[in-house]
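These notes are about the structure you will find just below.
Derivation of every value follows stated rules applied to the coordinates shown; laboratory data play no part. Being a predicted model, the structure only gives us computed values, none of them experimental. When we count neighbours, we look across all protein chains shown, and the Cβ atoms used for this are built from the backbone with ideal geometry, even at glycine.
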Amino acid sequence: MRSFKRIYLNEPGIARNWLASGFPLLRAAVVAVGLLLAAVTTRCQEKGTGRPQFLNVTRSAGITFVHTKGKPGAPMILAEMAPGVCVADFDGDGWPDFYIVNGGDLGVRGSHDRNALYHNNGDGTFTDVTTKAGVPGKSYGLGCVWGDYDNDGHPDLYVSQYGEDILYHNNGDGTFSDVTVKAGVGATELGTLFHSGATFFDYDRDGLLDLYVGGYVAFGPDSPQSCVIYGITTSCAPSAYNGSANALYHNNGNGTFTNVTKESGLFTSNGKNLSVGAADYDNDGWPDLFVANDGQSANLYHNEHNGSFKDIGLLAGMAVGGQGATMAGMCISLGDYDNDGSLDLYISDWQGSSDHLWKNDGKGGFDEVSRETGITRATLDHLSFGGGFFDYDNDGLLDLFIANGHVFPGIERSFPKIHYKQTNTLLHNEGKAGFIDMSSLQGKDWQVPNSGRGAAFADFGNGGNLDILVGNGGAAPSLWRNQGGSGNHFINIKLVGTRSNRDAIGARVRIELGGVSLIQEVEGGGSYLSQSDLRVHFGLGAEREVPAVQVSWPSGAHQEFHNLAADEFYLIEEGRYEVTLQSFAGRANKNGAESPLGRVPALKKVPR
Amino acid sequence: MRLFLAFDQLWNDAVRFLLLFLAAELMGFAQHSAPASAAMSRGAGKAHLAMGRQLGAEGKWKEAESELRAYELANPDSTEAVVLHGEALMKISQPFDAAIDLRRFLEAHPDAVRVHELYAVIAAGPLHDPNLTIDELNTVVRLAPRDFQAWESLGEAYLDEVKTDEAIRAYQHANALRPKDAAVAASLANAYARGGDEEKAVAEFKRARALAANPNEPVAAMATVDFLQGQFLVEHGSSAEAVTVLTKAIAFNPRSTDAYYWRARAYEKLNDHGRAVADALKALEVSPGSKEAALFLIAQYRKAGDMEKAQKYADLAQKITDAEQAQQTLGHQLRDTLDKAEPLLRQGKYAEAIPLYESIVQHLPTFYEAYFDLGTCYAQTGREGDAEAALRKYLSFQPVSADGYAALGLVLAEQKKNEEAITELSQAIQIDPTLVEARKALANEYLQRGDPKAAVGVLLSARNVPDAEAETMLAIALEKTGDFPSALVAVNRALAIDPASAQVQQLKQELLSESAGARQH
């Protein structure tokens, strides 16, 4: 009897008269409210030779990591949320490496299973260097992001956890040091334990990367550990808990950060942040912050240019879906899918609710176009987690990948057609025809279901095609190598800030191509608890040359380069007039000389 | 006499334990109705039913609830009684009390279909618990597979949860039971549409429309078809047709927020922004809390460049969202508070529990059980005045609660308000004659008042429950009336129950010597 009281105390409200015979009509009206769905004709067509675009090369790549969710048979919300994956070239050898977080037994043995840092050997394989690097994590891991917060040329690593988060400073010699306490970025000072997505971004454009850390539900030993949902005992929904506080840290430039959450106007004590992403959506030169929440309105924090933010999510039209329904917002991805010069927005959602695509109207707002673009139908039958925009076939149009997986173990017992483990979704951008689902054409490996969570994109092989790395809950990650073969061309640009932050996070690159402008912004965070390679990758279609490349740096500087040949990996340093090529250890460059092994020389931050 | 006084002191301590006992009874699934029903005649029960119905018909639901509660107490196993009382509780905005009542009934009567139905209604409505709604409706259709309305409601509940396959199956069941019901045909079509099966949706809407056109069908059926099909048409590009059918839906129900909203969407697609905005404003006028209408207006004004108006509706949407959030947060907080309070009460940490229960009753002023628990805590911490107030408040919600009267009587006794204590304790045992502890307390009050005869009368009625303390009190009371032989019989019964009690043995010795003395005289 007492347990029943807990149920109804979710919404102590005034009784409504449900007892009249008008019940069906009333309910029909209620059904209409908050639902997003509309049927669209599924447009699926065979393309090319039918060869799968992606191959699962996890094992052959030497990746042996297996994520530990928690105690088997003890479903709980914490065990259903991880892992995130994040990509960066931590040793500067030109090959993107990656980090993946691990969970643990949630207190049974009192142990934590270590995270993993995988070094890209440049030959299609990876080596686990976690122990040598000293980045095992300390607690139940959720996600990670990379950012060179001290501009010393070496990307540093921030790990969000249950409990205090960790900031690992990259020492530049293959090792890291835990500087969390010194930096003051543990993110527990306001009581938050369950951290989620994070992102480095330079919100005040002072050349130093600041840090936003999301807080998820207030879950602890005294909270409901499991719930009966649809007749099965499973992990509780986020609605069973209150939310937590978020945190914005200003980089002081001396290895420390200051928590400025309240002063900035971003503070919420009861948020359920999942994914966060920062980008300049209104093209005013200042990065704004997007936060997707679980069962609450999403936030669009407009950068007011004075150290503060204003939440304009509702005004901008992206806070909620369709008819006002909140989203289970797991993924945030910002990208210009229609090449109109403004960043559009993708947020993933719950199974049956479909994901959401908003077109940036160029006037400070967003219009949802999920149904018209085919997103609604394509994502209806999956529970979407990480992923986002990427051009997998280099045709110049941003496609979409979403990692899928349910969060209620045993859901099949109540609904045989809904599966806990699910296959991922690959949507090809057909331009005006919208997106079409290519998932079923990706071969038998792709059809193996999993508990997809974090996802990141990177050209791990530096071959000109973007690969996908997916963190799977309670299993090994999936490294999907892009087999290329489209015949299209690309250009890959690594930006190095000098007045701007070293990683050039917030820099905007625009290329002109056949009368169309393509834009990309260097973005930290995004996806779900993950981060992709910071290098910008453009598909060029049939074009073999890029007539113009414009770079708008966070410092305010603008540079333009002309007539860059396609199919190259460029390095553009802020303030330098010439463009160089990226170097990859162990691979000869155009001049025939082998690129030296070693790191990019440390660059000093140029004081403003 | 000395023993009596010593016993009296012991009894004061026992009062405190008695309160705890009563609190435990209330917390630990005590059935209010079971003992009370024995005290009420069938005739009285039926009178309450008749009065309750009449008052309900007059709209006097508070009074009706009181009558129907009494009817339920008199008929604890009656489905009709619990359903009527539950409905009355809903009418006076006490949904969770109704839910508790229904839940208790279902524990003893798990196959009571009508009770499951009402429970599902409460779950879908005030409790906002879609999982519970679905579970209950599934139980109903399992127990009553030909319950058309349950299948239809189940379809709606599944659709709310975006379980379109299950919704379709439920509607198909409903449709099989009433193949000519236009509204369910339209609902099935809507479910097909939500599930992405346009072809079936179109066919089913066509069938629904044909059924609704039958002159024997109620007008509401066509309105339902118009409304649901209108939405479908909006989302499938037939905006002009959507306007036509939604206009008809509005004509039937001019206060349908959703019909205005969807027509606004249709007008938007026809680029008639003036009418789109007008309809959205109308939707808001009908339902000021319509978030979708507010969101629609934000987009319209933003596109028109009227940022001031866009901001106005953004502020409104934020207010609505904040209210929703506050409700949910409050619900969690209250649940957390209750989770903390109950263990504290069980552990005897009354002082710590008090602020938690105070918070509960502040936010849930009709959560009557909390008043009882609060009263217990106050009493245990020496705040008898506050305890009295809390228990009186409890009894205002539960005027037929024997435990409530007993607890109040004890608290009054503590405050030496003997006459009032006697009144309340008498009420308690009138409602529930088996309340031995209340009898003992009442007997004690009578003894305090110097009325041992009355104490004897009260205690004699508790004879069917072997209780050493009661027998001892009876012995003392009989001794006071001069009936030594009966007193000795009573004390011997006490010793038979508790032979090791030194106090009872001493009492026996005293009685024997007093008895001997009396005989000598």
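Summary table below
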| quantity | calculated |
| --- | --- |
| A:THR256-A:LYS71 FRET efficiency (beta carbon distance; Förster radius 60 Å; 0.05 resolution) | 0.95 |
| Scaled radius of gyration (Cα, divided by 2.2 N^0.38 Å) that region A:279-376 gives | 1.01 |
| Taking only Cα atoms of region A:341-407, radius of gyration then Dmax in Å | 12.3, 37 |
| Ranked B:GLU166, B:GLU308, criterion: other C-beta atoms within 10 Å, fewest first | B:GLU308, B:GLU166 |
| Helical contribution to [θ] at 222 nm, DSSP H n ≥ 4, -39,500 (n - 2.57), averaged over chain A, rounded to 500 | -1500 deg cm²/dmol |
| Residues B:ASP97, A:ASP294, sorted so that the one with the fewest Cβ neighbours within 10 Å comes first | B:ASP97, A:ASP294 |
| Residue-by-residue Karplus 3J(HN,Hα) for region A:150-161, coefficients 6.51, -1.76, 1.60, Hz, glycine and proline x | 10, 6, 9, x, 10, x, 9, 10, 10, 10, 8, 9 |
| Quotient of C-alpha Rg and 2.2 N^0.38 Å, computed over region B:251-367 | 1.63 |
| Projected label distance in nm at B:LEU512 and A:LYS432, using a 7 Å step from Cα toward the beta-carbon | 11.4 |
| For chain B, alpha-carbon Rg and Dmax in angstrom | 31.8, 113 |
| For region A:126-167, alpha-carbon Rg over 2.2 N^0.38 Å | 1.23 |
| Acute angle (nearest 10 degrees) that the helix B:468-481 long axis makes with the longest principal axis of chain B, alpha-carbon atoms | 50 |
| Cα-projected label distance for B:SER501 with B:GLN448, points at 7 Å along beta-carbon direction, nm | 2.0 |
| Along each principal axis, Cα extent of the protein assembly as shown, largest first, Å | 135, 77, 53 |
| Entries of A:LYS310/B:LYS282; B:LYS416/B:LYS440; B:LYS282/B:LYS303; B:LYS393/B:LYS416; A:LYS262/A:LYS310 with Cα pairs more than 22 Å apart | A:LYS310/B:LYS282 |
| Cα-based equivalent ellipsoid, region A:476-581: semi-axes from gyration tensor eigenvalues, Å | 22, 20, 12 |
| Global form of region B:245-320, assessed from the alpha-carbon gyration tensor, a/c cut-off 1.5 | oblate |
| Partner chain coverage, peptide B:91-102 - average Cβ within 10 angstrom | 3 |
| Prolate/oblate/rounded call for region B:459-521, Cα gyration tensor, a/c under 1.5 rounded | oblate |
| Shielding of A:242-251 by partner chains, average beta-carbon count, 10 Å | 1 |
| Translational D in µm²/s for chain A (Stokes-Einstein at 25 °C, 0.890 mPa s, Kirkwood Rh from C-alpha pairs) | 102 |
| Overall form of region B:376-521 per C-alpha gyration tensor (a/c, 1.5; a/b vs b/c) | prolate |
| Principal axis dimensions, largest first and in whole angstrom, of region A:103-187 by Cα | 39, 32, 18 |
| Nearest 10 degrees, 0 to 90: helix B:130-143 Cα axis against chain B principal axis | 80 |
| Reachable aspartates and glutamates from B:LYS453, criterion Cα separation under 15 angstrom, eight or more residues apart if same chain | B:GLU445, B:GLU471, B:GLU479, B:ASP483 |
| Sequence-separation-based contact order of chain A, relative, with Cα cut under 8 Å and 6+ spacing, percent | 15 |
| Virtual spin-label span in nm between B:LYS349 and A:LEU190, 7 Å along Cα→Cβ | 2.9 |
| Proxy reagent accessibility, fewest Cβ within 10 Å first, across A:ASP282, A:ASP367, A:ASP93 | A:ASP367, A:ASP282, A:ASP93 |
| Within 10 Å of each Cβ in B:334-340, the average number of Cβ atoms from other chains | 5 |
| Rg and Dmax [Cα atoms of region A:380-461; Å; Rg one decimal, Dmax integer] | 13.9, 44 |
| Dipole magnitude of chain A, debye to nearest 20 (Cβ charges: Lys/Arg +1, Asp/Glu -1, about Cα centre) | 2040 |
| Alpha carbon convex hull of region A:394-530, volume per residue in cubic angstrom | 147 |
| Degrees, to the nearest 10: A:23-32 long Cα axis against longest axis of chain A | 10 |
| All aspartates and glutamates inside 17 Å of B:LYS248 as judged from Cα atoms, apart from same-chain residues fewer than 8 positions distant | B:GLU217, B:ASP226, B:ASP258, B:ASP279 |
| Proximal aspartates and glutamates to B:LYS200, defined as alpha-carbon separation beneath 14 angstrom and excluding residues fewer than eight positions away on the same chain | B:ASP165 |
| For region B:287-304 and region B:225-260, distance of Cα centres in Å | 18 |
| Extension gain, B:ALA326 back to B:LYS312 (0.36 nm per residue minus Cα-Cα distance, nm) | 3.0 nm |
| Cβ-Cβ FRET estimate between B:ARG53 and B:ALA108, R0 fixed at 22 Å, reported to 0.05 | 0.35 |
| Modelled FRET efficiency - R0 60 Å, B:ASP77 with A:LEU581, Cβ distances, 0.05 increments | 0.10 |
